[in-house]
Structures are given as structure tokens and as C-alpha cells.
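Working notes, beginning with the structure itself.
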């Protein structure tokens, strides 16, 4: 695993530090220099190189979320037309469309009925400038909702977090408090994380109280950068508050 | 060379000081000088269709002074920042969108030792100190917002006093006694992207001021570019022995990102 390296815009990254495979995936913030084969950073942040996945990108913790194909998002239902659901991702991206048949097991006769403001956990299929974003709730190769658990989200509550925290939750980086809280809340909780900075939480057994505890924990983690110990402390505090009522 | 003057304190920069903006930063000039908060929104829709640039990003800069409302001076500084950013930002990456930068002057340097007190940034005062901090703050804000840039840039203020000494980052009292003030901005690869001057000076002085500003901006980043400063530097009263502006920018980014890096390690254990 590469050690974290911080780059500033304009810095050159030698070709040796970037995977060279034909199938490599060069992400955001790296611009190839055709003469030397090296790369120039165009944004500041952590150089993120994954040799196993042959990918390289510069990660920025708090820049605005821009939908990219392959991202998991939580979208809100707005309107319906003959073949599509029209969904809202966030205030600054265009409306998203979701084909009504892009659900697991959906046919012309049995397709999900969505009501206004219903939530859907979906994957971005295509996102281009000045065009509607296309979403899907099935894995195109299997026709199933797994492994991401896509589909309508019922019950629960949604919390807004920063895109950086959403990313961390998806990668399970330094979100110990979530595991901890899950173990201590009665019956655990269910969570769906959207790259667009939305987190859906449901707590069937502990009820609204449990959901609020998770939401509170998320907000605290977002506002202050907590280490491992501080997160444990935070969970203790939240659990104590809940028991008090 | 005497570095004993109290000039060596470095500027301060913190990233992500506002919660709801896409990117933000607070920049404080050396010795608690002009402090500016920058809020950056990027990429956003262009409010007026006529402002849209088909192949590039429209840059809008708003500067608000520490008291009162922005007037001609602020408009001028906004224009200078906008033009400087245009040379640094890779606008073609997000065509037909807008990069909106809002700068708020939080505090200006004041000195009560003189009768009535001296304050920087008033309507009768020079705008160059505000320009320096505002440009550095906007670059930091853009960095935080993940704006694609060719390079990072930094600006420095240099004053030439009556006896011909060059002062990097002069204080408000020192500025009063300077015959001319100069602002230079450089990118990390050593190119000059902005120069603004005020007052009377010779071309030789101006060139020396540029060298002093270069070392104040680049610091330890690009030694080969400021190698000749040491030779000219005999009559500069205060060489920046501390960090250059670009070092400060780098430190600010490290402070913001290393936390995440630390988290990465923790999670892998």
C-alpha cells in the first residue's frame, strides 16, 4: 500500500507512481502529460493509488458532490412519467431519471409504486453535463439488487452529512463509532449511505430514539474530526443520554 | 543579515472554516495583519446566461470590506483577483459554469501607538495589503473546494522605505513611511501572475522588490528560482527567514488532509 502523499496543483507525479496497466483508471485531479508520461496534479489533496484496482486519484474530503457513473446515491422521488421516475439527488445537480423497470424483479405489471418524497437507493449509470442523470436499482449483469441492496427505502430517516464523511462511511474508514453504536443499540440499525451526502438510518427495534442516536453520532463525527478514542467516548455519551431518556 | 526584526512571523492559513460552502479558508497575513475569510462555491450555474463562457469557467469575486459596503476600491481588487485566478484555474474543465468566491475582510491591522491610531484598509489607505491577503485567501479557498488549477499561487506585499530598504510584509506603521508599495504574485513554478505598485520608485528598486517578494512567496518551495536573492539581498532589512506563502498553503492542506490520512491508518489496523 502506498504511503499517503499530499500533492498541490501543478505538482508532477512521476509515471512510476501511477499504475501503468492498459486497463488503469485515472480519476479526478490527475492530468496526463503526453511528452513524459508523468501526471500533473490539478487539485490539492491526498494522492490515492490502489495498485490492486489499478486506479489513481486525488481525494478531496469536502468538495461539492458531482455525480459520477458507479456512485451509490440516495435520491428522492419527485414525479413520474410513463417509463421513468424523476428523482432529486441534490440541489445543484440536474434531475435524475430512473427507469420504472430498473428494479429487482420488476415487470410491466409489477413495478414499484413510489409516492412523492419516497426515497430510493440507486446507482448512477450515466452522468453528463446538461443531461439528466440516469440511475438504476439493479446490477446490470445479474438483474438483482444485491450486493449493494438497491431499491426503495422504507421507514427510517435521512441525515445530511458532508460528502467526505459519506465517502468514509462507504469505505469504512475511521467510522468505528458506527460499529460500536450498532453493537450497543438494541437490535442494531440499518444504514444506507449515498455518495451525495445523505445517510439513511433505520432502527426497527430501538425506534426513533435509536435513529436519532445514530443521526446525532453522524453529525458529531462530521463537525469534529474524531479519533478512535474520541469516537468511543462519543458513543458512551450517546448511550448514556438515551438510557436517561 | 539581521533577522532580528519582528518580521519573521509567518502568515496563517486554515482550510474549511465555513461549513456550508463547497470550499473555504481563512488567511491571516504575517504579524496578525489583514485577515480574510474566503468562501468558494464551485461549480455552480451561471446566474445570467450572458455571463456564461462556452469553453471556460466564469469567475465571480465578491469582496466585502471590514466595515461599510464595497465601493470602487473593492471592485478594483475583485477585478485583479479575478484576472489572476483566470490564469491559474483550469477553466476548460468545467465549461459553462461559475466559480464564485466571496471574500470577507474580518480584521485589519491597527496600531494605536500613533495619535488617533492607524488602521489599514480604510478608504484613504492603500488597497495593496487587502489585495495580498484576498488573493491568498481565494487560492486557499479554491484549493479546499477542489477547483482544478494549473498551479497554486501566492502573493506578497513589499514596501520600499525612504532610505531605500526593502521590507517584506510591512506593518501598518511601516507602510505609512514607505515611498512605494508593491504586490507580486507567483505560481509554484515561479511565474509572475500579478504585479501592482503604488508610489514612486526606480526600476532598479522595483526589480529588487520583485526578488524579495519572490522569496517571500516561494520560500523553500523552489530554491533554484530564488537563488539569486541572496546576492541582491544585502540591503533588504528583513528577508523572510520564516515560511513562504506557498509553504503556508501547503501546511494548511496538510493539516486538513493528514487527519484523514491518520484515519486511514487507524482503520487499516
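Readers should treat all values here as calculations from the given coordinates under stated rules, not as data from a laboratory. All values reported here derive from a predicted model rather than from experimental measurement. So basically every Cβ, Gly included, is an ideal-geometry build from the backbone, and we count neighbours across all protein chains shown.
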Item to complete: Shielding by partners for A:38-44, please: the mean number of other protein chain Cβ atoms within 10 Å of each residue's Cβ.
Response: 6
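Could you work out the per residue convex hull volume over the alpha carbons of the stretch A:72-153, in cubic angstrom?
87 Å³
Work out the mean other chain Cβ neighbour count within 10 Å for the residues of B:188-197 and drop it here as an integer.
So the per-residue partner count for this stretch is 1.
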Practice prompt. Find the eigenvalues of the gyration tensor of the Cα atoms of the stretch B:131-213, then list the square roots of 5 times those eigenvalues as equivalent ellipsoid semi-axes, largest first, in whole angstrom.
Written response: 27, 14, 8
Worksheet item: Using the 10 angstrom Cβ neighbour count as an exposure proxy, how do B:113, B:56 rank, fewest first?
Response: B:113, B:56
Discussion item. Quick check on chain A: take the gyration tensor over C-alpha atoms, sort the square-rooted eigenvalues as a ≥ b ≥ c, and tell me if it's rounded (a/c under 1.5), prolate or oblate.
Written reply: oblate
Worksheet item: Which of A:244, A:24, A:64, B:250 comes first, and how do the rest follow, when ranked by fewest Cβ neighbours within 10 Å?
Response: A:244, A:24, A:64, B:250
Worksheet item: Based on the mean of other beta carbon atoms within 10 Å per residue, what is the order of A:54-60, A:109-115, A:10-16, most packed first?
Response: A:54-60, A:10-16, A:109-115
Worksheet, complete the sentence: Sorted on mean Cβ neighbours within 10 Å (highest first), peptides B:33-46, B:133-146 come out as B:133-146, B:33-46
Fill in: Cα-based Rg and Dmax for the stretch A:157-244, where Dmax is the largest Cα-Cα distance (Å)
11.8, 34
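Could the peptides A:172-183, A:136-147, A:38-49 be put in order, highest first, of the mean number of other beta-carbon atoms found within 10 Å of their residues?
A:38-49, A:172-183, A:136-147
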Item to complete: Sort B:192, A:224, B:132 so the one with the fewest other Cβ atoms within 10 Å of its own Cβ comes first.
Response: A:224, B:192, B:132
Practice prompt. For the protein assembly as shown, just the Cα atoms, rotate onto the principal axes and tell me the three extents in Å, largest first.
Written response: 87, 57, 46
Discussion item. Quick check on chain A: helices-only [θ] at 222 nm, where DSSP H runs of length 4 and up contribute -39,500 (n - 2.57) each and the sum goes over total residues. Nearest 500, please.
Written reply: -6500 deg cm²/dmol
Worksheet item: What's the average, rounded to a whole number, of partner chain beta-carbon atoms within 10 Å of each residue's beta-carbon in B:148-158?
Response: 3
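Let me know the volume per residue of the alpha-carbon convex hull for the stretch A:186-233, in Å³.
Convex hull of Cα atoms, per residue: 86 Å³.
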